[in-house]
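All remarks here apply to the structure that follows.
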Amino acid sequence: MEKIAAIDIGSNAIRFTSADLVSQNEILLDEKIRIPLRLGTEAFSEAGMFSIDYIEYAQATFLEIKKVLKNLNVQRCRTVATSALRDAHNAHELIHAIESVSKIKVNTISGEQEAKLILKAIQNSNELKSSKDYLLFDLGGGSLEISIIKHGKIKGSKSFNLGTVRVLEYSKCHQTKKDLDEWLSPKIKKIKLYIEDLIYDSDSIDVIGTGGNFRRLLKLKSSSDNSKSISYPEVLEILKTLDNTSYLDRILEYDLRPDRADVIVPALKVITKVLKGLPVNNIYAPRIGLTQGVLMDMSDGETHYDQIL
């Protein structure tokens with residue numbers, strides 16, 4: 001049985017997932033590792049470049065990942081980089097630095113490829129029912145991938161340059177609420193128009209939200225409620241609570257990691273602004289993401305970008 005692995009170099013963190021390839025289109029997930037290397041902090045800054053310190057930190061991180069690959073006896077691996085490396089002016093320096101010390105090859109993928117892989121992960125799960133209409137909403141640190149599925153058919157899929165770390169970095173330089181709203185409004189409008197054009201005849205849609213902020217929403221619901229979904233009004237209530245809670249108190253009172261406590265409010269603002277006025281029924285947050293999509297792509301013969309170890 002072949003052991004494969006996918007590495008996602010995201011704007012907020014690096015995610016590693018390994019799996020056993022049982023047969024074509026059938027994988028058994030194994031190890032999952034999340035490393036809080038926030039590349040978007042520098043990629044989305046005014047300079048738009050990775051510093052020497054960040055590059056060296058990335059090198060050290062991938063030396064450790066190389067050890068994990070060896071210890072797990074991974075035979076084939078694919079490493080993809082998303083919004084932060086698409087945007088940074090010196091992304092090639094970071095990629096070269098990673099490969100020079102770890103021999104791990106990095107493939108920067110487009111927003112459209114990212115959306116396609118996330119869609120593949122969800123389609124291969126048991127989350128979709130052919131009788132329903134869905135809005136797939138993947139909110140990362142640097143970009144937002146949107147897909148619409150109606151009665152089992154894909155109606156559209158698009159990537160937008162709007163993510164939580166990107167919003168956070170803009171806020172550091174433009175601290176007033178008015179500045180942020182003026183920057184966000186046209187971006188949100190563009191996203192909403194795209195969605196509304198595709199769901200104009202839908203009376204009800206379920207949202208499948210992927211990314212750490214959506215999963216955290218379910219944990220922030222009342223502990224007495226074990227449902228797998230959350231409603232739009234409940235998201236608004238959580239946003240109101242967290243927005244009025246200091247960064248440190250979010251960590252202490254709600255058991256949030258430091259690199260989640262600062263991005264969750266921008267995330268919820270984007271989510272609520274995009275979903276406002278849409279016929280949203282329930283919001284689901286399965287443990288599905290880009291690495292699972294990459295693994296599915298590796299399992300069904302799409303191996304052009306794979307690295308044999």
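Scoring Leu193 on the criteria (1) in a loop (DSSP other than H, G, I, E, B); (2) among the hydrophobic types (A, V, I, L, M, F, W, C); (3) over 21 Å from the mean Cα position of the chain (by Cα) leaves a single failure, condition (1).
Look at segment 250-274: where a residue is more than 20 Å from Lys190 (Cβ to Cβ) and a partner is among the aromatic types (Phe, Trp, Tyr), sitting 6+ places away or on another chain with Cβ atoms under 7 Å, you get Ala261/Tyr247; Asp262/Tyr247. Checking the stated criteria, Arg15 turns out not to satisfy the condition of being among the basic types (Lys, Arg), surrounded by 22 or more Cβ atoms within 10 Å (Cβ to Cβ) and modelled with pLDDT of 95 or more. Of the strands (runs of 3 or more DSSP E) lying entirely inside segment 104-152, those containing at least 1 residues that are acidic (Asp, Glu) span 133-139, 144-150. For Ile205, the test of being in contact with a Leu (Cβ under 8 Å, 6 or more places away or on another chain) and either of a type in the set (A, V, I, L, M) or within 24 Å of Ala13 (Cα to Cα) (or both) is passed. Screening Ile104, Ile9 for residues that are of a type in the set (Val, Ile, Thr) and within 21 Å of the chain's Cα centre (by Cα) leaves exactly one candidate, Ile9.
Here Arg260 does not fit the description of being closer than 23 Å to Ser231 by Cβ and modelled with pLDDT under 90. Confirm whether Asp181 is out of contact with any Lys or Arg (no Cβ under 8 Å at 6 or more places or on another chain) and assigned to a loop (DSSP other than H, G, I, E, B). The answer is no for Asp181.
Residue-by-condition table, conditions (1) of a type outside the set (D, E, K, R); (2) farther than 19 Å from Ser18 by Cα:
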{"residue": "Glu42", "(1), (2)": "no, yes"}
{"residue": "Gly48", "(1), (2)": "yes, yes"}
{"residue": "Ile52", "(1), (2)": "yes, yes"}
{"residue": "Ile65", "(1), (2)": "yes, no"}
{"residue": "Leu69", "(1), (2)": "yes, no"}
{"residue": "Ala88", "(1), (2)": "yes, yes"}
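From the list Ala261, Ala267, the lone residue that is in contact with a Ser or Thr (Cβ under 8 Å, 6 or more places away or on another chain) and among the small types (Gly, Ala, Ser) is Ala267. Per the conditions (1) loosely packed, with under 13 Cβ neighbours inside 10 Å; (2) in contact with a helix residue (DSSP H, G or I) (Cβ under 9 Å, 6 or more places away or on another chain); (3) in contact (Cβ under 8 Å) with a residue 60 or more places away in the chain, the sole criterion not satisfied by Phe44 is (1). Please verify whether Glu93 is touching a residue at least 40 places away in the same chain (Cβ under 8 Å), surrounded by fewer than 16 Cβ atoms within 10 Å (Cβ to Cβ), of a type in the set (Asp, Glu) and in contact with a helix residue (DSSP H, G or I) (Cβ under 8 Å, 6 or more places away or on another chain), treating the condition exactly as stated. Taking the combined requirement at face value, the residue satisfies it. For Asp297, the test of being over 15 Å from Thr210 (Cβ atoms), touching a helix residue (DSSP H, G or I) at 6+ places or on another chain (Cβ under 9 Å) and buried (at least 22 other Cβ atoms within 10 Å of the Cβ) is passed. Count, please, the residues in segment 196-206 that happen to be over 11 Å from Gly156 (Cβ atoms) and either outside the structural domain of Tyr134 (by TED's automatic domain parsing) or assigned to a helix (DSSP H, G or I) (or both). Selection size over segment 196-206: 1. Among the residues making up segment 199-235, those that are at pLDDT below 85 and among the polar types (S, T, N, Q) are Ser222, Ser223, Ser224, Asn226, Ser227. Scanning segment 203-231 for residues that are surrounded by fewer than 19 Cβ atoms within 10 Å (Cβ to Cβ) and among the hydroxyl-bearing types (Ser, Thr, Tyr) yields Ser204, Ser222, Ser223, Ser224, Ser227, Ser229, Ser231.
The values are calculated or read from the model by the stated rules, or taken from the named source; none is laboratory data. Model, not experiment: these values are computed from the prediction. All Cβ positions, even for glycine, are placed from backbone atoms using ideal geometry, and neighbour counts span all protein chains on display.
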